[in-house]
Structures are given as structure tokens and as C-alpha cells.
1. Tell me whether the stretch 176-275 comes out rounded, prolate or oblate; compute the Cα gyration tensor, take square roots of the eigenvalues as a ≥ b ≥ c, and use a/c under 1.5 as the rounded threshold.
2. If you project the alpha carbons of the stretch 1-73 onto their three principal axes, what span does each projection cover, largest first, in Å?
3. Compare 256, 299 by solvent-accessible area with a 1.4 Å probe and give them largest first, with all protein chains kept in place.
4. Connecting C-alpha atoms closer than 10 Å in a GNM of the chain, tell me which of 111, 292, 12 has the biggest fluctuation.
5. Using 1/(1 + (r/R0)^6) with R0 = 25 angstrom and r between the beta carbons of residue 113 and residue 60, what's the FRET efficiency to the nearest 0.05?
6. Bin width 5 Å, alpha-carbon pairs only: give the P(r) of the stretch 201-341 as whole percents, running from 0 to the bin holding the largest distance.
7. Considering the alpha-carbon set of the chain alone, what are its Rg and its Dmax in angstrom?
8. So what's the back-of-envelope 222 nm ellipticity for the chain, counting only DSSP H runs of four-plus at -39500 (n - 2.57) apiece and dividing by all residues, rounded to 500?
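The values are calculated or read from the model by the stated rules, or taken from the named source; none is laboratory data. Fair warning: this is a prediction, and the values are worked out from it, not measured in the lab. In this analysis, Cβ positions are derived from the backbone assuming ideal geometry, glycine residues included, and neighbour counts consider all displayed protein chains. We work out accessible area using only protein heavy atoms, side chains counted, and drop any ligands, DNA or RNA first. Shrake-Rupley method; radii C 1.70, N 1.55, O 1.52, S 1.80 Å.
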Amino acid sequence: MNDTFLRACRREPVDRTPVWFMRQAGRYMPEYRALREKHTLLTLCRTPELAVEVTLQPIDALGVDAAILFSDLLLPLEPLGIPFDFKAGEGPVIERVVRSADDVSRLRRFEPREALRVVLEAIRLLRRALDGRVPLIGFAGAPFTLASYAIEGGHSNNFAATKSLMYQDAPAWHRFASLLAELMGDYLRAQVEAGAQAVQVFDSWVGALSLADYREFVLPHVRTLFERLKGLDVPTIHFGTGTGHLLEAQREGGGDVIGLDWRTPLDTGWKRLEGAAVQGNLDPTLLFAPRERLLAGVDDVLAQAGGRPGHVFNLGHGILPGTPVENVKAVVEHVHARTGR
Ligand code: CP3
């Protein structure tokens, strides 16, 4: 079994630096686009056999050191009572947005083992299909990022509606965020019981908050979520983007591994995260650069990690549509060749 990813998460020495990519399964891959011609994104997510097939596509094509469950961050919104759909070219569209204390009180607490059992079934099938080739990562959204979709109704550039709820009705915000923290904690526990060998908490957009607002409105809930994962024998990864000003606070929130994006140099970011492993942090758009420029970027990340135990190579955010597959593959090979002993 290739356990370099799990060892790096635990800051143990490894034979070579493990590498995987956020959105390693997706539209940049011809195999994925072929399946998407036949099925909607939500059908792929809700049909265990299809989710397994998509999860395995990059394992076969790229030689990465971990698999990430193919699913979507927003699936838990539906059983909460917030239906949504993905519209071509627009991304997610939420039908009934959450904007007031009344909206929050209408939300339904649910049991992930029931409401999201298709996801757990995909995990069970995946462990069998992977057969120890590489570890399987499960994931869920952090309270801020998940709430922001429910409140904004889709993606946002300034998170004005989300921040407005915080400022105008802090108790309603805190009720919503703590409900999400508890549910996502339970969901991740259920994923681990089903076979996930590590879990990543995506707080992709939390960098939009000031440090003071993060501490007041988000940190207590992130802590609740990670507290609920205590006692599980799997590494936890805490990911966000644009969080150069939040790293110490995120570390307080929890996570054995902290994600860094390309805006923060890996060496100075890591210095501020005493005792944690780090994951990152190549700029995903470098995958569009000429090969020499791309690999120089990879070398720079590796030099900043300096061969210290506890580095998981990844991008600072997900692979973008249109990314040339051969460049992704070249990064995997380069990281392995440069760091292999
Ligand atoms: O390979 C993997 O990383 C696993 C699959 C995965 C998906 N979504 C599938 C997907 C993961 C980990 C996610 C998480 C997710 N979903 C996040 C957090 C990660 C991040 O990017 O920060 C967020 C914010 C979402 C919500 C979401 N899903 C948005 C905003 C969109 C539309 C934007 C876009 O890229 O089009 C999606 C759609 C989505 N989820 C796609 C995939 C492969 C692309 C859509 C498609 O096939 O039509």
C-alpha cells in the first residue's frame, strides 16, 4: 500500500513527497467529460457506482498518491431543506436562500447516515475498488463556506449577504453556523466509519473575512467541527484560500494539516503553523504555463518545503477546466523524481 500521503500528514519521513490535487477529477479530463455527456453532476454524485468511476479516473491517469471521494460540498444542503441545482455556466443555484432568523429556524437537522447514505456507499465501494493502492480522502464544507452558498444563493465575490447576516443578526448566524458544524462533524465521522482514511474540511472562501470577524463568527464553529472528529484515527486537513492573515487562527480551529495557497510562501506560512503539516501550494494557473516555467514553480515549492517531513504537495486551489492533462501528469512525475530517495 502506498501510504506516503498518510505518513506525510502525520509528519513522518517518506520515501518521496506525496502529491494529489484538489479537483483532480473534473472537466479538464476527457474521461470525465465523456461521462458528463451522459449524466448530470448531481447524478454522478448520487450514484455510488458512477462516483466510484470518476474518483478512480485520475488515479489511473496521473499516478497521484491519494484519491479524493468524488462528491460535492453542497450535497448536505438538500436534506437541510435548501434545494439547489447546478446550472451550466453559472455554477450552483440555490432555490430558497437563507437570509433571516426565520429561515434558519426552518432548517432541518438530519442524520448523515440516512440522508447522505449514497455518499457513504460510494466510500465503501471505493475502498474495495482501490484495494490499498492509495488512501481515500473524504471531505465536507466548513460552516462559513457552506453557509455562504445557502445565504448568497450561489457563488459571491464579496459575501455581502453572509456578512450582513453576521452583523445584523449574530444569534441567527451563530445558530446556523453551529448547526452546520455539528452536522458536518457527524457527516465526516460517518465517512470515516465507511472507510475514508483522511478528511479535508473545505473553508474555501473564508479568506474574505477579517481576522477579527473570523475569530468572532467562524473560529468557535470550526473548533466544534474539529472537536467532533477527535478520537478518529485519521489525519484531518483544514483548507482555505486567501487566508494569509488567518493562518494562526485556523490552526487554533483544528487540523493536523493546514492548506496554504500560492499567495503565501510555503516556508513563511509553515513557520507560523508550528507543529502542523502543510499542504500546497502551487498556483493552479501555472499548469497553463510552458513546461519549463511550470516545473520551476514546482521546484520552488519543493525548495521551500526543504525536504522536511510533513509536506503534502498540492495546488493552492483546484485544477481549472481546460488545464492540459499532460502538464498535471508532468507535475506528479517531477515531484516524485525530485524528492525520491
Ligand atoms: O476531485 C475532487 O476534488 C473531488 C470532487 C469535488 C467536487 N466539488 C466536484 C465538482 C470537490 C472536492 C468539490 C468541493 C466543492 N464544491 C467546493 C470546495 C472546493 C473548492 O473548489 O474550493 C465548492 C466551493 C463546491 C461547490 C461547487 N461545485 C461549485 C462552486 C461548482 C461550480 C464551479 C465550477 O467549477 O463549475 C461546483 C461544480 C463541481 N463540483 C464540478 C466538479 C467536478 C464541476 C462541474 C461539472 O462537472 O459540471
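1. oblate
2. 43, 21, 19
3. Order by accessible area, largest first: 256, 299.
4. 292
5. Step by step, r from the Cβ atoms, then E = 0.25.
6. 2, 10, 20, 20, 18, 14, 9, 5, 2, 0
7. 19.0, 59
8. Helix-only estimate at 222 nm: -13500 deg cm²/dmol.
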